Each structure stands twice: as C-alpha cells, then as structure tokens.
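The values are calculated or read from the model by the stated rules, or taken from the named source; none is laboratory data. Just so we're clear, the structure is a prediction, and the values are computed from it rather than from any experiment. Neighbour counts run over all protein chains shown; Cβ positions are idealised from the backbone, glycine included.
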Amino acid sequence: MITFFTRYIFLKLLNKEDFYLNGITNFLLPKRLLYFSSMYQTLKKVALSIVPKRILFEHEIFFRSIFAYHLRGKNHECTVCSRGIKKFIKIPDGDLLCPFCGSRSRTRRLYHLLNSDNLLQGKVLHFSPSRSIYRLLNKNQNIDYFSTDYEDEFIAEYHYDITQIPLEEDFFDLIICYHILEHIEDDKKAMAELHRVLKNNGTCLIQTPFKTGHIYEDFSKKTPKERLEAFGQEDHVRTYSVAGLQQRLCESGFQKVEVRTFQENERYGFMAETVLIANK
C-alpha cells in the first residue's frame with residue numbers, strides 16, 4: 001500500500017516539488033494554489049466581519065485589486081474582466097475563482113457563450129446573477145437587462161418569483177437561469193413560466209448540478225441536514241439528470257432543447273460542464 005509519505009517522496013523524485021499531499025482529502029494540490037486559496041478565504045471572512053455587505057459589494061473591484069495585485073500574470077485570462085492572471089484561486093468546493101473580479105468557472109463560460117453565440121440582444125432576464133457578470137450586463141447599452149433575485153441574496157433590481165413572473169407573455173429575448181431550478185419545489189410550474197415569458201425564437205440558458213441516471217427528488221427531505229445528505233446542498237430539493245431536465249423542459253413547451261457539453265480549458269479556468277439551451 002502506498003502511503004502519503006511514499007507518494008510525496010515519489011513526486012519529489014520526479015521534481016514535482018510544487019505539490020504536497022492533503023492528508024484529509026488525499027488529493028495532491030499545488031502549494032501556492034492552496035496558499036492563495038487559504039489567504040483568500042481568510043481575507044474574505046475578515047472583510048465580511050467588518051465591512052457592511054452592500055458597501056463591500058459596491059466596492060468589490062477595488063478591494064479585490066488590492067488583494068490580487070501579486071496575482072497579475074500571463075498564464076491565464078479571465079473572460080469576464082479580461083485580466084491576465086498568474087493563477088486562479090481554487091476555493092473549497094473545487095471551483096476556480098478569478099482574483100480580480102470574483103468570477104467562477106461557470107460564470108466565465110457563460111459570458112463567453114453569451115458573446116460567442118451573439119445572445120446579448122433585446123430584453124434579458126437574469127436570475128440571481130453573480131456580481132462579476134451583473135456589473136457588465138447592467139451597463140450594457142445593447143440590452144434591456146432585468147436582474148432578479150427572489151431571496152435578496154444577490155444584487156438585483158427585481159424580486160420575481162420564478163413560478164409566477166409578473167410580466168406579459170412573449171416578453172424576453174433571452175433568459176439566463178443558472179443554478180435556480182434545483183431550489184424550486186414546483187419546478188414544472190417554473191419551467192412553464194420561463195416558456196410563457198420567452199419570445200418566439202427566444203433563448204433560455206439553463207444549468208443545474210447534474211447526476212447520471214434519473215432525476216432524484218424526495219420532498220420528504222425537509223431539513224437542511226436531510227437535503228445536504230440527499231442533494232449535496234442544504235437548500236436543494238432535487239438533483240437533475242441531463243436527460244431528465246431536457247425532458248421536463250420539452251414537456252413545458254420548449255420546441256428545442258440542445259444539450260451542450262463543454263470541456264476544461266486551463267487558460268480561461270473553464271471546468272467541464274453542461275448547459276441546456278432551450279428555444280421556444
């Protein structure tokens with residue numbers, strides 16, 4: 001049996017001195033990457049404890065620029081803020097964070113997709129937008145941007161309930177619904193509303209966590225602990241399969257639901273992911 005120390009020495013002999021073994025997770029992680037991650041988490045906790053959240057969010061780019069100054073470089077590039085980066089920051093859930101704008105992998109991929117597919121036109125509805133992309137889309141003069149967050153956890157102008165959106169039919173050209181439906185008990189009603197307010201030939205981008213096999217949902221799981229154990233997060237009510245979500249979207253009226261799978265890209269900090277592109 002290969003022990004932690006044997007594996008560590010083996011890597012040393014291969015001159016991979018930039019790695020060390022995490023004895024808890026049994027994964028090999030870059031030393032500097034873990035250092036940046038740990039420092040980031042510490043500074044974040046300190047900042048949140050002494051600065052009101054709204055002020056911190058409004059001046060986030062300034063605060064980040066101070067912390068991220070030593071992470072300037074040419075190894076990587078953020079598609080959201082267009083900054084050259086020495087290293088992305090690996091956060092506890094395994095995602096890669098841009099130190100300058102705070103974008104996650106899926107946010108960088110989303111912004112790249114919006115531009116490469118020329119989707120930023122007309123009226124855009126965006127559920128619970130991350131701050132990094134919100135700042136860009138909110139000032140984009142080419143679109144009429146509707147940002148919404150029902151729980152008031154994200155910066156947004158509206159507080160729409162996704163199961164009863166207070167707008168007329170055929171209203172939006174584009175809807176961005178990332179990591180929302182897994183929180184909604186009546187997801188079929190939510191999908192029907194997305195279809196209702198989307199214009200003919202409009203596009204709805206949807207992403208959730210996925211699993212293989214079939215959709216798993218159990219509404220008897222009520223407590224945060226039960227939901228964490230069942231679905232991987234305390235406020236999730238199901239885990240979709242790609243085929244299961246695609247089928248529900250079709251049953252809600254969408255004429256075409258494309259499954260687009262993306263591979264990792266080290267330069268831009270993209271992780272492998274799947275996005276469903278639904279058209280009315």
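Can you say whether Glu226 is assigned by TED's automatic domain parsing to the domain that holds Gly253 and touching a Pro at 6+ places or on another chain (Cβ under 6 Å), as far as the supplied structure shows?
no
So in the range 150-163, with the set limited to residues that are surrounded by 16 or more Cβ atoms within 10 Å (Cβ to Cβ) and modelled with pLDDT of 95 or more, which one is farthest from Arg108 (Cα to Cα)?
So, considering only residues that are surrounded by 16 or more Cβ atoms within 10 Å (Cβ to Cβ) and modelled with pLDDT of 95 or more, the one farthest from Arg108 (Cα to Cα) is Thr163.
Suppose we filter Ser116, Ser82, Ser103 for residues that are surrounded by 20 or more Cβ atoms within 10 Å (Cβ to Cβ) and of a type outside the set (Phe, Trp, Tyr); which single one remains?
Result of the check over Ser116, Ser82, Ser103: Ser103.
For the range 71-186, which fully contained strands (runs of 3 or more DSSP E) count at least 1 residues that are more than 16 Å from the chain's Cα centre (by Cα) and more than 30 Å from Phe254 (Cα to Cα)?
The qualifying strands (runs of 3 or more DSSP E) are 72-77.
Of all residues in the range 197-213 being part of a loop (DSSP other than H, G, I, E, B) and under 17 Å from the mean Cα position of the chain (by Cα), which is nearest to Lys280 (Cα to Cα)?
Only one residue tops the list, namely Thr208.
Within the set of pairs 6 or more residues apart or between chains, which connect a residue that is within 20 Å of Glu185 (Cα to Cα) inside the range 151-163 to a residue that is aliphatic (A, V, I, L, M) with Cβ atoms less than 6 Å apart?
Ile162/Ala190; Thr163/Ala190
Just one of (1) touching a Lys or Arg at 6+ places or on another chain (Cβ under 7 Å); (2) farther than 21 Å from Ile162 by Cβ trips up Asp144, so point out which.
Result: Asp144 passes all but (2).
Among residues belonging to the range 122-133 that are surrounded by fewer than 21 Cβ atoms within 10 Å (Cβ to Cβ) and in contact with an Asp or Glu (Cβ under 6 Å, 6 or more places away or on another chain), point out the one that is farthest from Leu194 (Cα to Cα).
Gly122
How do the pairs read when you match residues in the range 178-201 that are more than 15 Å from Leu125 (Cα to Cα) and at pLDDT 95 or above with residues anywhere that are among the aromatic types (Phe, Trp, Tyr) and part of a strand (DSSP E or B), using Cβ under 7 Å and keeping only pairs 6 or more apart or on different chains?
Qualifying pairs under 7 Å: Glu182/Tyr240.
Output the residues belonging to the range 173-182 that are closer than 21 Å to Thr239 by Cβ and surrounded by fewer than 21 Cβ atoms within 10 Å (Cβ to Cβ).
Tyr178, His179, Ile180, listed by residue number.
So Leu194 clears everything in (1) closer than 25 Å to Arg131 by Cα; (2) in a loop (DSSP other than H, G, I, E, B) except one condition, right? Which one?
So Leu194 meets the others, but not (2).
Taking interchain pairs and intrachain pairs at least six residues apart, which have beta carbon atoms under 7 angstrom, with the first residue in the range 256-280 and closer than 20 Å to Arg104 by Cβ and the second small (Gly, Ala, Ser) and assigned to a strand (DSSP E or B)?
Listed by first residue and then by second, the contacts come to nothing, as the list is empty.
Asp235 fails exactly one of the following numbered conditions: (1) among the charged types (D, E, K, R); (2) under 30 Å from Pro166 (Cβ atoms); (3) surrounded by 13 or more Cβ atoms within 10 Å (Cβ to Cβ). What is the number of that condition?
(3)
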